[in-house]
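Remarks on the structure that follows.
Where a number appears in this text, it was derived from the coordinates with a stated rule and is not lab data. Owing to the predicted nature of the structure, the values given are computational and were not obtained by experimental measurement. Counting neighbours? That spans all protein chains shown, and the Cβs are built from the backbone with ideal geometry, glycine included.
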Amino acid sequence: MTLNFLIAPDFAPDRFAGWHMLNTALQRRSGIHLHLLTPAGAQEQARLIAEGSVDLIYANPFDAASLIRESGFVAFARPKNHSDEMVIATAAQSSMERLEDLRPGCRIALTDNRDVKLIGLRLLEAADLKELDVHWVQTDAYQVTARKVIAGEVEAGFFLADSYHSLSRLTHARLRPLIESAIHDISHVLIASPRMAQALGGVADALLSLGADEESRSVLDALGLPEGFERMTAEDAEFMVDLMDTLLD
């Protein structure tokens, strides 16, 4: 049996090897063959899921909530003590010192990560800005977002916090964070398609056992998830779905 394992395309480039290490570790520990899928962007991810051949997904919280609610996917694990947060940053040489310095008509660059945009819109409420007050500039990657901010093509950029903190030291020196969220209650989630939900024992057990030995700790370090994964119950998933609905309201 081969399972198709899709990874959300919002991880930092330096974590790419870590996902392949995880895939190898899970195969060895579970005895189940996993085919790793790493789509280049949200559109490719949507196409792969729509084709109906994806069995497991490491999904961002927005996509996870949608797939659980609308397509019957089942959440079974999440990173332990590792929530999804986002950063709004401007250029280091910008005159803006705080979030409230953003004005209607400002340009904000962002990738096609709906969870990051959703949280960012909530943060922009402090600057009395709504979605229609902003000129949105779409980019393909957080590195592109950073370049547009630094070049002054936009006033600010939205970043997944993990990706922001993974930017190079030189890039960091040319950016200034205006705010970082601290929600703590949402995270990426491992979900299974309805047809696989009852056959996950080996993979789930292998995933949750990571961190008990030195070899698997190196895998977790490569992923930037040093505490590994914890089981996610149906009640946990329902709470997160409700929270995403609240952010959407």
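Net charge of the neighbourhood of R176, taken over other residues with C-beta under 14 Å away and scored Lys/Arg +1, Asp/Glu -1, is -2.
When shorter helices are ignored and each DSSP H run of at least 4 residues is given -39500 (n - 2.57), the per-residue value for the chain at 222 nm works out to -11500 deg cm²/dmol. Using the alpha-carbon atoms, what tilt in degrees (0 to 90, nearest 10) does helix 16-30 show relative to the longest principal axis of the chain? It works out to around 20 degrees. List the aspartates and glutamates whose Cα lies under 17 Å from the Cα of K130, skipping any in the same chain that are fewer than 8 positions away. Filter leaves E100, D101, D115, E155, D249. The alpha-carbon of K80 sits under 27 angstrom from the alpha-carbons of these lysines, leaving out residues fewer than 8 places away in its chain: K117.
Annotation: amide H-H contacts under 5 Å for L37 (H modelled 1.01 Å from N, sequence separation of 5 or more, or interchain): F5, L6, I7.
Annotation: amide H-H contacts under 5 Å for A75 (H modelled 1.01 Å from N, sequence separation of 5 or more, or interchain): A192. The stretch 86-180 has equivalent-ellipsoid semi-axes of 18, 14, 12 Å, by the square roots of 5 times the alpha carbon gyration tensor eigenvalues, sorted largest first.
Note on the stretch 101-143: Rg/Rh from Cα positions, Kirkwood definition for Rh, rounded to two decimals, is 0.95. Of the residues L99, S216, M240, the one whose Cα sits farthest toward the positive end of the charge dipole of the chain, with +1 on the Cβ of Lys and Arg and -1 on the Cβ of Asp and Glu, is S216. Taking 0.36 nm per residue of separation and subtracting the Cα-Cα distance, full extension of the segment from K80 to T246 would add 57.5 nm. Hydrodynamic estimate: the Kirkwood radius of the chain over Cα pairs, inserted into Stokes-Einstein at 20 °C and 1.002 mPa s, corresponds to D of 114 µm²/s. Relative to one another, the C-alpha centroids of the stretch 10-56 and the stretch 101-152 are positioned 28 Å apart.
For the chain, the longest piece that avoids every one of the GluC sites (Glu not before Pro) found in DSSP loops with at most 15 other C-beta atoms within 10 Å covers 154-226. May I ask for the longest run of the chain untouched by trypsin sites (Lys or Arg not before Pro) that are loop-located per DSSP and have at most 12 neighbouring C-beta atoms (other than their own) within 10 Å? The answer is 1-97. Taking all Cα pairs closer than 8 Å and separated by 6 or more residues, the relative contact order of the stretch 7-82 comes to 36 percent. Cα convex hull, the stretch 154-249: 159 Å³ per residue, rounded to a whole number.
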